[in-house]
Amino acid sequence: MVARYIAKDINEELARREIIKTSPAAVSFPTIYYQHQFGRIPVGQYYLPVTQFLPSYHMTYCTSCWKVGHMRGKCKSHVCCRKCLMLYVNGLKHTCLMDDIKCVQCGENHLLLSSTCPVIKQYRDEFKVAVDNALASGLIKRKSPGEASRPFQVQDDDFPTLIHAHAQGQGEARRFWQASIPQVPQADQSNLIREVNVLSAAINALSDTMTRVEKNLNSLNTCIESQDKRAMLYNNSINAIIDTCFTLSNWVQASNSERTKLKKNINM
Ligand SMILES: [Zn+2]
Ligand SMILES: [Zn+2]
Ligand SMILES: [Zn+2]
């Protein structure tokens with residue numbers, strides 16, 4: 001059973017024709033109107049969550065123009081026959097003969113995705129190498145046999161988005177994934193290194209300045225201490241001078257008997 005989301009404004013008959021083109025075996029088309037905000041859809045006796053469709057890592061090809069490397073949602077070409085590439089015209093019955101078969105990838109007379117097509121062969125080979133590399137680097141993981149399956153939950157890095165050849169220039173190597181770590185462009189890297197070097201030099205200079213400032217502060221401290229000692233010495237000397245002056249003034253003012261007494265005191 002396959003459920004397709006189709007917007008309400010698309011005619012049911014048109015939707016049916018489009019589905020038949022991609023899945024010719026489809027037989028029954030029941031329509032389910034569901035409330036989008038509930039995010040669930042009843043299937044049998046189950047009420048299943050509706051999750052975003054994420055393309056698997058199979059060969060990606062367009063079901064409109066049939067070229068590999070992009071999907072229908074991104075296609076700008078008209079819908080055409082997958083066998084003879086004739087554009088579909090609404091309401092016109094189309095049958096193509098074996099001689100009309102033309103490959104959209106290489107223009108030769110074989111069916112779409114044929115293993116004889118050189119473009120498809122190259123695409124498969126490159127894709128295989130890309131998958132092996134992505135597995136080796138841990139960008140995608142392969143479930144090991146016997147590993148218990150967990151209930152489905154979308155993790156951000158479960159489905160790294162495939163990027164496709166059409167987004168790249170002709171002649172460039174095909175890339176299937178973006179590298180997991182965004183690469184810093186070469187020019188940016190050298191700029192970064194230059195800036196780090198400048199910053200490192202500035203930090204060294206700052207460190208030297210700090211050492212010099214520290215030395216200066218130490219010598220200033222020593223200087224202040226010696227000034228302090230000198231000031232104390234001056235203070236003591238001044239006190240001594242004042243005492244002497246006082247004694248002298250007493251001497252001058254005193255009577256003879258008192259002078260004899262003072263003399264005795266001084267001699268003592
Ligand atoms: Zn296309
Ligand atoms: Zn045809
Ligand atoms: Zn071909």
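Taking label positions 7 Å along the Cα-Cβ direction at both Ile19 and Asn109, the computed distance is 3.7 nm, reported to one decimal.
The label-point distance for Lys74 and Ile10, in a model that sets each label 7 Å from Cα toward Cβ, rounds to 1.9 nm. Within the stretch 187-267, all pairs of alpha-carbon atoms sorted by distance into 10 Å bins from zero give the percentages 14, 17, 14, 12, 11, 9, 8, 6, 5, 3, 0. If the chain linking Ala26 and Cys84 were pulled fully straight, counting 0.36 nm for each residue of separation and taking away their Cα-Cα distance, it would gain 18.6 nm.
Efficiency by 1/(1 + (r/R0)^6): what FRET value for Thr116 and Glu195, r their Cβ-Cβ distance, R0 = 45 Å, to the nearest 0.05?
Efficiency for this residue pair is about 0.20.
Among 102-113, 61-72, 235-246, the peptide with the highest mean count of other Cβ atoms within 10 Å heads the list, and the full ranking is 61-72, 102-113, 235-246.
In this structure, Asn236 and Met210 have a Cβ-Cβ separation that, at R0 = 30 Å, corresponds to a calculated FRET efficiency of about 0.15. Rg(Cα) of the stretch 1-53 divided by 2.2 N^0.38 Å? That ratio works out to 1.20.
Taken together, the values in this text are just the output of simple stated rules run on the coordinates, not laboratory data. Just so it is clear, the structure is predicted and the values come from calculations on it, not from any experiment. All Cβ positions, glycine included, derive from the backbone under ideal geometry; neighbour counts span all protein chains shown.
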